[in-house]
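Engineer: The structure is given below, and queries will be raised subsequently.
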Amino acid sequence: MEMTGAQILVHYLEDEGVEHIWGYPGGAVLPIYDALDTDADKLNHILVRHEQAAVHAADGYARSTGKPGVVLVTSGPGATNAVTGIATAYMDSIPMVCITGQVPTAMIGLDAFQEIDTVGITRPIVKHNFLVKDVNDLADTLKKAFYLATTGRPGPVVVDIPKDIQTAKSSYVYPQEVDMRSYLPVTKGHSGQIKKAVEMMLSAKRPILYSGGGSVLGDASAELTKLTHKLGFPIVQTLMGLGAFPASDKQSLGMLGMHGTYEANLSMHHSDLIIAIGARFDDRVTGNLEKFCPDAKIIHVDIDPASISKNVIVDIPIVGPVKQVLTEMNAILDETTLKSDKEALADWWSQIEEWRATNCLRYDTIGSKIKPQAAVESVWRATNGDAYVSSDVGQHQMYAAQYYPFDKPRRWINSGGLGTMGFGLPAAMGVQMAHPEATSICITGEGSIQMNIQELSTCLQYGLPVKIICLNNGFLGMVRQWQEFFYERRYSMSYMDSLPDFVKLAESYGHVGVRIEDPKTLDAQLEEVFSDKYKDRLVFVDILTDQQENVYPMIPAGAGLNEMILV
Amino acid sequence: MKHIISMLMENESGALSRVAGLFSARGYNIHALTVAPTEDDSLSRLTLVTSGTSAQIEQVVKHLNRLVDVVKVLDLTEGEHIERELMLIKLSATGDMREEYKRLADIFRGDIVDVTSTTYTIQMVGKSQKLDAFIDTIDPVLILETVRSGTVGVMRGEKSLHV
Ligand SMILES: Cc1ncc(C[n+]2csc(CCOP(=O)(O)OP(=O)(O)O)c2C)c(N)n1
């Protein structure tokens, strides 16, 4: 069928099965917005209030569903506003396609109004990007974009479409096939390596499973759980991986890394075999590399060969999709006559239980102020531990990771790699759009929430009943904590002055505002927030918390995993 | 150690900047880089010289392979290979030096390709080290200009880099 580029885009997105597209109009995408009006049938466009939020919302949708998030922004400032969101998705390997408008082809390079080299600016923060120069290539390019975004190690793909390409005509048929000779994602791990790995696992004396975001992104939760149960090994999870293995299971030692649990970090440090699954030995996990796990051999399963032996040298690398590799490991374990060393494992577990007994997440509850940890625990109780929790960045993010244990994957939505303040609220919108019946929470701080607070308006327009839990400590708390520890308590620019009255602010946006100040009413007030009474309303819960509280345990920068500060 | 990494990439406008961008973003260095079309219109061949430990080079190659525009990558230094670089060097040539340069060019199998009353331009092909050696024989104040193509290379024998 003959249509314009803009129409091709809209029809393509529908044929691709895209449900929601998050965006903001402008000169260079007017033809596309017009086509949305005339041609869109099922495709739902959500108008955000800032392009950064469009990208984070699409990102939250993607993280909570596994489907690619889709964004539409205009050229110039539209594209540059989207950059932080794209970088956030890139660092956490989130599947996403971002459509950007561009000035007409003939004006490219002339410093035209709202011209920016979008392909150049986004190059280091995308899996790939395209500038469409011929309308006849548009459908194929879109197909490639979705294919690239969702296969292999996922990531954002930008498609920059000049305005004249949007109005030029071509015939459209949905391309069924995609052909890219230079991109061949691995579909299967090496069987010989997998077999060797299983043998190594069964001969280990102090083994540990270390699972990361790849287990979530690769939908390998069931296989991971099965493997962990079969082996009887302890498992630690990264900030990005929480929920892939149920936190409530006895074999789970919780999160590892800078603010991980004592038992997780010590078990890593003293292990003789680390089985890394979809994790990338990030510096926030390893601490000082020179002191990292001196006795451990390492098996590393990852879809991306470039992640293997990047930070630490690996003994058995396995490049492949986590789900497939773990399935094969489970099958080998079912058949093998080899047995794990039961005695050594029992000793290992009794050592681990000793570490666990330090109860490193305990905190002081005396005092008239609400403890942020207590607030998160109370939210967990009020939501039966079954909410989708999006978070911003700071102390509250760590409290959420520590005190809201996740039993399911894709429930914990946070910017782990880039650490983007302002991520939480738009991400929670994306989650809510994907799961209208579920409870979508944003755990945030009074600093972070102000980075995308304008989205309260979007939430009203689209009836997104997100529950915002603002742990208001009056400080850029994580900055304050580092200044307390490492800069002799010079609290330079970390006090948040002139805060708005968040209750009134929420009300003026047409939402419900609730303030909680008293530890004694915390539970009851949160019960009400999550009761049916507010099922369809956005509630902004401003919880005034202890200003001086710090996140513990902590591994200071430069220290090893065995050098934790407990309280 | 120096490595010569050679690759085939899609003949797309952004491909070169993706490779160059990868090197600057990850802090790898490039000593030399050359890129030109191949017999296949859709492909260009890029060769670059970099240095690092074998672990670093392994990482470089993995990252290059990850670039969507890069079709195939080969570290020539891993095996027996032939490498060549072209140099044009313009020298101030007066008096005795006019004869001396001819002799030197002969020894290094260079050709004098342009002559004026005061200058010679010599063309020379060889391994980079040979070109370096030639430059070392000449008094720096007499060198007016040097331009080098960067190294290109192929594997010895039947092995070849193709799609
Ligand atoms: C966009 C952005 N700017 C700056 C930072 C640095 N940063 C990390 S945590 C933090 C403080 C966050 O304060 P708040 O949101 O109030 O949370 P709290 O730590 O108090 O829980 C800052 C400024 C960041 N992560 N992101």
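Engineer: Can you confirm whether region A:475-490 contains a residue that is farther than 29 Å from A:Phe281 by Cβ, open to solvent by 10 Å² or more (accessible area, probe 1.4 Å) and within 9 Å of the ligand (Cβ to nearest atom)?
Structural biologist: Yes, the conditions are met somewhere in region A:475-490.
Engineer: A:Leu326 passes all but one of (1) touching a residue at least 12 places away in the same chain (Cβ under 8 Å); (2) assigned to a helix (DSSP H, G or I); (3) open to solvent by 20 Å² or more (accessible area, probe 1.4 Å); which number fails?
Structural biologist: Every listed condition holds for A:Leu326 apart from (3).
Engineer: Could you count how many residues in region A:448-460 are among the aliphatic types (A, V, I, L, M) and within 8 Å of the ligand (Cβ to nearest atom)?
Structural biologist: Total meeting the criteria: 2.
Engineer: OK, next. Any chance you could count how many residues in region A:156-192 are of a type in the set (Asp, Glu), open to solvent by less than 80 Å² (accessible area, probe 1.4 Å) and away from every other protein chain (no Cβ under 12 Å)?
Structural biologist: Residues in region A:156-192 being of a type in the set (Asp, Glu), open to solvent by less than 80 Å² (accessible area, probe 1.4 Å) and away from every other protein chain (no Cβ under 12 Å): 1 in total.
Engineer: Next question. For region B:108-118, check the following and say yes or no: at least one residue is within 14 Å of chain A (Cβ to nearest Cβ) and among the hydrophobic types (A, V, I, L, M, F, W, C).
Structural biologist: Keep residues of region B:108-118 that are within 14 Å of chain A (Cβ to nearest Cβ), which gives none.
Looking through region B:108-118, none of the residues is within 14 Å of chain A (Cβ to nearest Cβ) and among the hydrophobic types (A, V, I, L, M, F, W, C).
Engineer: Hey, another quick one. Can you spot a residue in region B:94-105 that is part of a strand (DSSP E or B) and surrounded by 11 or more Cβ atoms within 10 Å (Cβ to Cβ)?
Structural biologist: No - not one qualifying residue is present in region B:94-105.
Engineer: Sticking with this structure for a sec: Can you work out which of the residues in region A:344-391 that are within 16 Å of the ligand (Cβ to nearest atom) and among the aliphatic types (A, V, I, L, M) is surrounded by the fewest Cβ atoms within 10 Å (Cβ to Cβ)?
Structural biologist: That would be A:Ala374.
Engineer: Could you say which residue among A:Gln395, A:Gln483, A:Gln402, A:Gln454 is polar (S, T, N, Q) and touching a helix residue (DSSP H, G or I) at 6+ places or on another chain (Cβ under 7 Å)?
Structural biologist: The conditions single out A:Gln395.
Engineer: I've got another one for you. Within region A:103-124, restricting attention to residues that are within 14 Å of chain B (Cβ to nearest Cβ) and among the charged types (D, E, K, R), which residue is farthest from the chain's Cα centre (by Cα)?
Structural biologist: For region A:103-124, the residue satisfying everything is A:Asp117.
Engineer: Is it the case, given these coordinates, that A:Ala53 is within 16 Å of the ligand (Cβ to nearest atom), away from chain B (no Cβ under 14 Å) and more than 27 Å from A:Asp304 (Cα to Cα)?
Structural biologist: So A:Ala53 passes the test.
Engineer: Specify which of the listed residues (A:Ala112, A:Ala145) is part of a loop (DSSP other than H, G, I, E, B), more than 16 Å from the ligand (Cβ to nearest atom), open to solvent by less than 30 Å² (accessible area, probe 1.4 Å) and out of contact with any helix residue (DSSP H, G or I) (no Cβ under 8 Å at 6 or more places or on another chain).
Structural biologist: A:Ala112
Engineer: Within region A:125-155, how many residues turn out to be within 11 Å of another protein chain (Cβ to nearest Cβ) and over 22 Å from A:Ala6 (Cα atoms)? Before you say what the answer is, go through the steps one by one.
Structural biologist: Taking region A:125-155 first, the residues within 11 Å of another protein chain (Cβ to nearest Cβ) are A:125-131, A:133, A:144-145, A:147-148, A:152-153, A:155.
Now restrict to residues that are over 22 Å from A:Ala6 (Cα atoms): A:125-127, A:152-153, A:155.
Within region A:125-155, residues that are within 11 Å of another protein chain (Cβ to nearest Cβ) and over 22 Å from A:Ala6 (Cα atoms) number 6.
Engineer: Now for a separate question. Scanning for something buried (at least 21 other Cβ atoms within 10 Å of the Cβ), farther than 28 Å from A:His190 by Cα and of a type in the set (S, T, N, Q), does region A:266-288 turn up at least one residue?
Structural biologist: Yes, because at least one residue in region A:266-288 is buried (at least 21 other Cβ atoms within 10 Å of the Cβ), farther than 28 Å from A:His190 by Cα and of a type in the set (S, T, N, Q).
Engineer: Same structure again: I'd like the full set of residues that are within 13 Å of chain A (Cβ to nearest Cβ), surrounded by fewer than 20 Cβ atoms within 10 Å (Cβ to Cβ) and in contact with a strand residue (DSSP E or B) (Cβ under 7 Å, 6 or more places away or on another chain), limited to region B:1-27.
Structural biologist: B:Glu10, B:Asn11, B:Leu16
Engineer: Tell me which residues, restricted to region A:499-508, are more than 14 Å from the ligand (Cβ to nearest atom) and not in a helix (DSSP H, G or I).
Structural biologist: A:Asp501
Engineer: I've got another one for you. So if I check each of A:Gly445, A:Gly463, which one is within 11 Å of the ligand (Cβ to nearest atom) and in contact (Cβ under 8 Å) with a residue 40 or more places away in the chain?
Structural biologist: After ruling out the rest, the residue left standing is A:Gly445.
Engineer: Taking the options A:Val541, A:Val529, A:Val512, name whichever one is within 16 Å of the ligand (Cβ to nearest atom), open to solvent by less than 70 Å² (accessible area, probe 1.4 Å) and among the β-branched types (Val, Ile, Thr).
Structural biologist: Just one listed residue meets the conditions, A:Val541.
Engineer: For region A:73-109, give me each residue that is β-branched (Val, Ile, Thr) and away from the ligand (no atom under 16 Å from the Cβ).
Structural biologist: Matches in region A:73-109: A:Val73, A:Thr74, A:Ile94, A:Val97, A:Ile99, A:Thr100, A:Val103, A:Thr105, A:Ile108.
Engineer: Shifting gears a bit: Select from region A:398-426 the residues that are more than 12 Å from the chain's Cα centre (by Cα), open to solvent by less than 30 Å² (accessible area, probe 1.4 Å) and within 11 Å of the ligand (Cβ to nearest atom) and write down the one among them that is nearest to the other protein chains (Cβ to nearest Cβ).
Structural biologist: Per the criteria, the residue is A:Gly422.
Engineer: Within region A:216-248, work out how many residues are free of Cβ contacts under 8 Å to residues at least 40 places away in the same chain and either buried (at least 24 other Cβ atoms within 10 Å of the Cβ) or part of a loop (DSSP other than H, G, I, E, B) (or both).
Structural biologist: So the answer is 5.
Engineer: Checking B:Leu74 against (1) facing chain A (nearest Cβ under 9 Å); (2) in contact (Cβ under 8 Å) with a residue 24 or more places away in the chain, only one condition comes out false. Which one?
Structural biologist: Only one criterion is unmet by B:Leu74, namely (1).
The values are calculated or read from the model by the stated rules, or taken from the named source; none is laboratory data. A quick note: this is a predicted structure, and the numbers were derived from the prediction, not measured. As a convention, Cβ positions derive from the backbone with ideal geometry for all residues, glycine included, and neighbour counts pool all protein chains shown. Note: accessible area is taken over every heavy atom of the protein model, side chains too, but ligands, DNA and RNA are not part of it. Shrake-Rupley method; radii C 1.70, N 1.55, O 1.52, S 1.80 Å.
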